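The values are calculated or read from the model by the stated rules, or taken from the named source; none is laboratory data. None of these values were measured; they are calculated from a predicted model. Neighbour counts are summed over all protein chains in view; Cβ atoms, including those assigned to glycine, are modelled from backbone coordinates with ideal geometry.
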Amino acid sequence: MAVNVRPLGDRVLVKPLEASETKKGGIIIPDTAKEKPQEGEVIALGTGKRDDEGKLIAFTVKAGDKVLMPKYGGTEIKIEDEAYLIMREEDILGIIG
């Protein structure tokens, strides 16, 4: 599915990956008790950040990367009943894999 949102500047559009509903012991966790996901997939990138001399700084992440993000970072938006986060690239903690 194509998303019709393109972030601006050094912002990144991330789709949070849902945690599994069952833990190792077989306990099912209800939606109200789940923690916010800390992993996500990069969907789209902004235009990029510029340094003091006006040169464009390249993104470290690319579309399709699985990333580790802070629990309460970014701005949550909904597109066609799907939750996404828009956050600055510097707020991403790391690339998984």
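What the table below lists for this structure:
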{"item": "One residue from Val12, Val61 being under 15 Å from Leu93 (Cα atoms), out of contact with any Ser or Thr (no Cβ under 9 Å at 6 or more places or on another chain), modelled with pLDDT of 90 or more and part of a loop (DSSP other than H, G, I, E, B)", "result": "Val61"}
{"item": "Complete set of residues in segment 15-43 that are closer than 30 Å to Ile57 by Cβ and at pLDDT 70 or above", "result": "Lys15, Pro16, Leu17, Gln38, Glu39, Gly40, Glu41, Val42, Ile43"}
{"item": "Subset tally (residues that are among the aliphatic types (A, V, I, L, M) and touching an Asp or Glu at 6+ places or on another chain (Cβ under 8 Å)) for segment 47-84", "result": "6"}
{"item": "Within segment 42-74, considering residues that are over 19 Å from Ile96 (Cα atoms) and touching a residue at least 24 places away in the same chain (Cβ under 8 Å), the one surrounded by the fewest Cβ atoms within 10 Å (Cβ to Cβ)", "result": "Ile57"}
{"item": "Scan of segment 75-95 for residues that are in a strand (DSSP E or B), crowded, with 18+ Cβ neighbours inside 10 Å and among the acidic types (Asp, Glu), ordered by number", "result": "none"}
